[in-house]
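Asker: Below is one structure. I have some questions about it.
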Amino acid sequence: MIHFLLPYGHLDLLPVSVKWQKELFPAVEIDTSQPPYVFKCQLYDLTGVPPERQKIMVKGGLLKDDADWSALGVKEGQKLMMMGTADEIVKAPEKGPVFVEDLPEEEQTVAVGYSAGLFNLGNTCYMNSTVQCLHSVPELKSALLEYQNPGRSNDLDHLLTIATRDLFSELDKKVKPVAPMQFWMVLRKKYPQFGQLHNGSFMQQDAEECWTQLLYTLSQSLKSSVSRENLDKVKELFGIELVSRVHCQESGEESSESESIYALKCHISQEVNHLHEGLKHGLKSELEKASPALGRSAIYLKESCINGLPRYLTIQFVRFFWKRESNQKAKILRKVDYPLELDVYDLCSDDLKKKLVAPRQFLRDEEGKKVGLKSSKKSSDSKDNDVTMTDAASSSSSTRESSASTSQEGVPSDKETYLTGVYDLVAVLTHKGRSADSGHYVAWVKQESGKWIQYDDDNPIPQREEDITRLSGGGDWHMAYICMYKARSIEILELL
């Protein structure tokens with residue numbers, strides 16, 4: 001029995017037996033609402049035979065990845081024959097060098113330096129790329145591991161959070177591709193739009209919508225966790241506090257408002273050539289609403305700035321828009337450059353800028369020391385050990401914005417972590433193709449070692465860092481749709 005295929009709601013499950021070589025698997029459940037490729041992924045988990053090597057005999061010949069189950073006439077309890085060679089682990093000699101292939105799978109993951117890929121279950125690249133990007137956040141993985149069952153076993157938020165936790169853990173333990181079927185089934189149950197069908201096949205969906213919905217679910221679950229440390233964990237990691245000035249030039253009315261969001265928008269126009277320009281455009285907008293002073297509708301200008309920074313800054317390139325004349329979604333192909341290092345200081349409110357001045361000076365001094373420059377007079381009076389810079393490769397414990405950290409001797413430390421407004425790129429989610437409703441999504445993720453890996457579904461491919469910023473658009477190649485940056489922060493005893 002395939003234990004990871006637990007039904008969440010009604011599913012068209014058809015139990016069959018599968019004979020492969022000398023083995024017989026007596027109760028493999030086919031979900032006939034999903035393409036045969038998903039069934040092949042199940043058999044891959046059982047036999048180790050990759051889907052592309054499987055030859056499964058059915059009525060009319062070999063089972064094709066996109067065949068229609070209803071036309072194949074497969075019946076309950078039917079015995080299917082499968083041929084194919086499994087991936088082999090080379091046995092190590094009793095003495096001699098140890099190869100990666102000879103290690104247990106968990107040790108192989110460490111040796112290779114990156115986690116597993118994800119099988120595409122039928123236009124699920126939008127989901128796979130989202131999962132790979134969020135999986136790269138160690139603090140999120142830690143929060144999920146600490147997540148307790150608060151007695152909501154049938155609650156879909158809880159089930160999706162558990163499925164996310166289990167999938168993240170599986171990715172960390174395996175080098176062979178993972179079939180995310182349990183996660184996908186719960187995702188579709190919670191958000192039915194991801195289960196839309198067209199001509200019997202699952203439709204391509206928007207990766208940004210998947211990213212947003214998944215983060216929202218995790219935020220709700222982790223807030224209600226019994227572990228106090230997880231309260232508002234998603235907001236702490238990804239939440240961006242904005243303060244806005246809303247004014248009407250016609251009436252002179254003015255008000256202010258604040259909000260918390262999980263991503264900044266990079267608006268794309270003919271004037272936008274760089275991410276920073278697009279972010280400035282995204283923080284300004286016009287809206288029409290009723291004016292009490294004028295007694296009618298009027299145009300208001302909303303100007304926003306950042307008043308609170310996250311550990312992970314997410315940016316969405318607004319590449320897709322609705323074309324009224326053709327009544328369809330279209331894609332903006334314009335090239336927009338983005339940096340490996342992003343400084344958002346000039347996008348911050350005056351109050352936040354004041355708080356950032358001292359940490360930024362410490363950061364400059366620390367970076368200057370690395371290249372042999374002298375510290376500024378203000379910070380040179382402090383001891384070298386009073387300042388520790390943390391970057392994108394640092395551990396989760398060193399990015400806490402509190403004084404609850406502990407020294408190596410186990411004594412509580414007075415050091416606090418301060419954000420600087422400087423961020424390092426750690427993940428890029430790209431879209432390839434000219435159509436908004438098709439194309440292909442891929443994740444490009446920076447590992448703790450500093451190496452970049454392209455996760456093209458089940459195929460992880462090492463990349464050079466200089467190739468990452470070339471995903472800026474302007475043609476048919478992969479172009480950035482979502483960028484995730486990690487805060488560069490410092491630990492100091494006291495701000496002078």
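The values are calculated or read from the model by the stated rules, or taken from the named source; none is laboratory data. Everything quoted here is computed from the prediction, not taken from an experiment. FYI the Cβ positions are ideal-geometry reconstructions off the backbone, even for glycines, and counts take in every protein chain you see. To get the accessible areas, we keep the full protein, side chains included, count just its heavy atoms, and leave off ligands, DNA and RNA. Shrake-Rupley method; radii C 1.70, N 1.55, O 1.52, S 1.80 Å.
Asker: Kindly identify segment 330-376 as rounded, prolate or oblate by the Cα gyration tensor criterion: order the square roots of the eigenvalues as a ≥ b ≥ c, call it rounded if a/c is under 1.5, otherwise compare a/b with b/c, prolate if a/b is larger, else oblate. Could you put the intermediate results ahead of the total?
Answerer: Details: a/c = 6.08, a/b = 1.68, b/c = 3.62.
Oblate, since a/c reaches 1.5 and b/c is not below a/b.
Asker: Given Lys173/Lys235; Lys173/Lys223; Lys233/Lys486; Lys141/Lys223; Lys335/Lys451, which pairs have Cα atoms separated by over 19 Å? Write down the numbers at each step before the final one.
Answerer: Details: Lys173/Lys235 28 Å; Lys173/Lys223 27 Å; Lys233/Lys486 16 Å; Lys141/Lys223 15 Å; Lys335/Lys451 25 Å.
The answer is Lys173/Lys235; Lys173/Lys223; Lys335/Lys451.
Asker: Right, next: For Lys19, go through the lysines and keep the ones whose alpha-carbon is under 27 Å away, minus same-chain ones fewer than eight residues off.
Answerer: Counting by Cα, and skipping residues close in sequence, Lys19 has these lysines nearby: Lys40, Lys55, Lys59, Lys64, Lys75, Lys79, Lys91, Lys174, Lys176.
Asker: Follow-up. Starting from segment 38-77, pick out the trypsin sites (Lys or Arg not before Pro) whose DSSP state is loop and whose Cβ has at most 15 other Cβ atoms within 10 Å. Before the final figure, lay out the partial values.
Answerer: Details: sites: Lys40, Arg53, Lys55, Lys59, Lys64, Lys75; in loops: Lys59, Lys64, Lys75.
Passing sites in segment 38-77 are Lys59, Lys64, Lys75.
Asker: Here's something else I'd like to know. For Glu277, tell me the accessible area in Å² from a 1.4 Å probe, rounded to the nearest 10.
Answerer: The accessible area of Glu277 comes to roughly 70 Å².
Asker: Still on this model: Could you give me the ³J(HN,Hα) list for segment 171-187, computed from phi with Karplus coefficients 6.51, -1.76, 1.60 and θ = phi - 60°, whole Hz, x at Gly and Pro?
Answerer: 3J(HN,Hα) across segment 171-187, in whole Hz: 4, 6, 9, 10, 9, 6, x, 10, 9, x, 5, 4, 4, 5, 5, 6, 4.
Asker: Moving on. Would you work out if segment 217-310 is rounded, prolate or oblate? Take a ≥ b ≥ c from the square roots of the eigenvalues of the alpha-carbon gyration tensor; rounded if a/c is under 1.5, else prolate when a/b is larger than b/c, oblate otherwise. Could the numbers behind the result be given before it?
Answerer: Details: a/c = 3.18, a/b = 1.61, b/c = 1.98.
Because a/c hits 1.5 or more and a/b fails to exceed b/c, segment 217-310 counts as oblate.
Asker: With a 1.4 Å probe and all protein chains in place, put Lys369, Lys486, Lys173 in order of accessible area, largest first. Walk me through the numbers before you get to the answer.
Answerer: Numbers: Lys369 80, Lys486 5, Lys173 105 Å².
Most to least solvent-accessible, the answer reads Lys173, Lys369, Lys486.
Asker: Which order, highest average first, do 136-144, 473-481 follow once you tally other Cβ atoms within 10 Å for each residue and take the mean per peptide? It would help to have the intermediate numbers written out before the result.
Answerer: Details: 136-144: 20.4, 473-481: 18.8.
Per-residue Cβ counts within 10 Å, averaged per peptide and sorted highest first, yield 136-144, 473-481.
Asker: Now, a different point. If the cut-off is 20 Å between C-alpha atoms, which lysines fall inside it for Lys370, apart from same-chain ones fewer than 8 positions away?
Answerer: By straight Cα distance, Lys370 reaches Lys378, Lys383.
Asker: In whole angstrom, how far apart do the alpha carbon centroids of segment 10-60 and segment 204-224 sit?
Answerer: Comparing the Cα centres of segment 10-60 and segment 204-224, I get a distance of 31 Å.
Asker: Another question, if that's okay. On the principal axes of its Cα set, how long, how wide and how thick is segment 439-496? Give whole Å, largest value first.
Answerer: 52, 24, 18
Asker: Also, quick follow-up: Can you list residues whose amide H is under 5 Å from Val137's amide H, if they're 5+ apart or on another chain and H is modeled 1.01 Å from N?
Answerer: Excluding prolines and chain starts, which carry no amide H, there are no hits.
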